[in-house]
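Visitor: Dropping the structure in here first, questions after.
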Amino acid sequence: MVAPGLVAGAGADARLLGGKGRSDGRIVFPMPTGPEAERYEQVELAAEGALWSFTVQRFAPKRPYDGPSGEAEFKPYAVGYVELAGQLIVEARLDTEDFAGLRIGMPMRLTLLPYRRGADGAEVLTYAFRPVGPIPEEKP
């Protein structure tokens with residue numbers, strides 16, 4: 001993974017790992033680390049949610065982005081916020097090339113995607129959400 005402690009499981013069983021506040025029950029993502037982690041209980045977040053907002057990244061991001069860069073390697077991608085009902089809203093890459101088909105409220109499911117290659121040549125994964133199921137009708 002692109003960072004330790006973000007995901008439990010793999011494939012269809014993958015879940016983001018968040019933290020639930022011991023004093024107030026508020027859920028955060030990612031799970032805090034260091035001394036702050038003691039204030040949270042680790043929880044697995046829902047694998048499905050609804051697209052809350054999105055945009056399309058049409059140019060290579062600048063540092064500290066460490067994924068594929070340069071005009072030859074870069075391909076536009078969607079990034080958005082996915083609401084995990086009763087939990088929180090997560091920012092993530094969206095796994096689709098059909099940017100015009102994205103709709104606020106559409107169902108989304110967690111997936112893992114290749115992000116880059118590590119110094120050792122191994123594939124590094126990141127989390128993302130992909131559209132699933134029927135797309136809700138747009139409201140006038």
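The values are calculated or read from the model by the stated rules, or taken from the named source; none is laboratory data. Small disclaimer: the values here were computed from a predicted structure and weren't measured. Glycine also receives a Cβ, built like all others from the backbone with ideal geometry; neighbour counts cover every protein chain displayed.
Visitor: Name every residue in the range 35-66 that is surrounded by 16 or more Cβ atoms within 10 Å (Cβ to Cβ), part of a strand (DSSP E or B) and in contact (Cβ under 8 Å) with a residue 40 or more places away in the chain, in order of residue number.
Guide: Hits for the range 35-66 are Gly49, Ala50, Leu51, Trp52, Phe54.
Visitor: A further question on this structure: Where residues in the range 98-133 are in a strand (DSSP E or B), charged (D, E, K, R) and at pLDDT below 95, which of them is nearest to Pro64 (Cα to Cα)?
Guide: Out of the qualifying residues, it is Arg116.
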